[in-house]
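**Q** Just dropping this structure here.
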Amino acid sequence: MQQNRQNIDDIKNLYISAPSGKQIPLEQLASVEFKSGLNQIQRDDAKRRIAVGFNIRGRDVESIVKEMDTEINQQIKLAPGYFLTYGGSFKNLKEAKTRLMIAVPASLILIFLLLYFTFHSFRQALLIYTAIPLSAIGGIFALWLRGMPFSISAGVGFIALFGVAVLNGIV
């Protein structure tokens with residue numbers, strides 16, 4: 001009933017059933033008062049968690065987190081049992097980088113194997129395969145020229161670039 005919860009006195013006068021069945025006002029069992037504070041205590045692995053969120057514009061996530069971590073470590077000493085973790089986009093970036101560390105070498109190996117099985121020649125496959133490092137140099141130069149950091153989308157783009165470079169090498 002919403003009309004019985006308009007102020008703190010209404011909460012204090014809520015009746016709680018005792019094990020004996022007797023109705024006892026809440027204020028006899030607990031101290032009921034209004035205080036400003038967190039609206040919810042969040043926990044991860046039975047540890048309290050406080051989240052701080054922010055948005056980034058004009059910079060990459062990784063450099064912001066590295067700079068922030070350096071500043072925090074220099075200026076703040078955390079009490080024993082307290083620690084910082086970074087989540088959100090940064091966590092996604094770390095996970096994606098881990099996947100790219102597998103996907104890029106795997107794609108390069110597959111490209112070479114496909115070239116070898118297509119031409120039945122190690123020498124010809126290697127000759128066409130040399131287009132990949134040259135295309136990577138061009139891709140890195142293009143990122144530098146645009147002032148863009150290496151990102152996950154850039155990594156996926158490099159895989160596509162390697163495929164195009166190999167097709168051009170075949171032609």
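The values are calculated or read from the model by the stated rules, or taken from the named source; none is laboratory data. Bear in mind that the values here come from a model prediction, so they are computed numbers and not experimental data. Here the Cβ is made from the backbone with ideal geometry for all residues, glycine too, and neighbour counts use every protein chain on show. Ligands, DNA and RNA are stripped out before the accessible areas are found, and what is left, the full protein with its side chains, is counted by its heavy atoms. Shrake-Rupley method; radii C 1.70, N 1.55, O 1.52, S 1.80 Å.
**Q** For Ser151, which sequence-distant residues (separation of 5 or more, or a different chain) have an amide H within less than 5 Å of its own amide H, given hydrogens modelled in the peptide plane?
**A** none
**Q** Accessible area per residue, 1.4 Å probe, Å², for the chain: what's the number?
**A** 82 Å²
**Q** Moving to a separate point now. Assuming R0 = 45 Å, can you tell me the calculated FRET efficiency for the pair Arg43 and Leu145, based on Cβ-Cβ distance, to the nearest 0.05?
**A** Computed FRET efficiency for Arg43 and Leu145 comes out at 0.40.
**Q** Whole-Hz ³J(HN,Hα) for each residue in the stretch 54-62, computed from phi via Karplus 6.51 cos²θ - 1.76 cosθ + 1.60 with θ = phi - 60°, x for glycine and proline: what do you get?
**A** Karplus values, whole Hz, x for Gly and Pro: 7, 10, 10, 9, x, 9, 8, 4, 4.
**Q** Would you please give the FRET efficiency between Ile8 and Lys91, computed as 1/(1 + (r/R0)^6) with r the Cβ-Cβ distance and R0 = 30 Å, to the nearest 0.05?
**A** The calculated FRET efficiency here is 0.15.
**Q** Accessible area of the chain with a 1.4 Å probe: how many percent of it is carbon plus sulfur?
**A** Numbers: 8400 of 14000 Å².
Answer for the chain is 60 percent, counting heavy atoms of protein chains only.
**Q** Once both axes come from the Cα atoms, what is the angle between helix 89-119 and the longest principal axis of the chain, in degrees from 0 to 90, rounded to 10?
**A** 20 degrees
**Q** Further question: Can you tell which of Phe141, Phe54, Phe34 shows the greatest fluctuation in a Gaussian network model of the chain with Cα springs below 10 Å?
**A** So, out of Phe141, Phe54, Phe34, the one fluctuating most is Phe34.
**Q** Counting just the Cα atoms, what span does the stretch 1-78 cover along each of its three principal axes? Round to the nearest Å and put the largest first.
**A** Per principal axis, max minus min of the Cα coordinates gives 61, 27, 21 Å.
**Q** So I have (1) 29.8, 92; (2) 18.3, 66; (3) 15.2, 42, and one of them is Rg and Dmax of the Cα atoms in Å calculated from this model. Which one is it?
**A** Among (1) 29.8, 92; (2) 18.3, 66; (3) 15.2, 42, the one calculated here is (1).
**Q** Report the net charge of residues surrounding Gly81, where surrounding means a beta-carbon distance below 15 angstrom and charges are Lys +1, Arg +1, Asp -1, Glu -1. It would help to have the intermediate numbers written out before the result.
**A** Details: positive: Arg43, Lys47, Arg48, Arg49, Lys77; negative: Asp44, Asp45.
Charge balance near Gly81 sits at +3.
**Q** Between helix 131-146 and the chain, what is the angle of the helix's C-alpha long axis to the longest principal axis, kept within 0 to 90° and rounded to the nearest 10?
**A** With rounding to tens, the tilt is 50 degrees.
**Q** At 1.4 Å probe size, put Met68, Met101, Met148 in order of accessible surface, largest to smallest. Display every interim value, and only then the final one.
**A** Details: Met68 55, Met101 145, Met148 95 Å².
The ranking, largest first, comes out as Met101, Met148, Met68.
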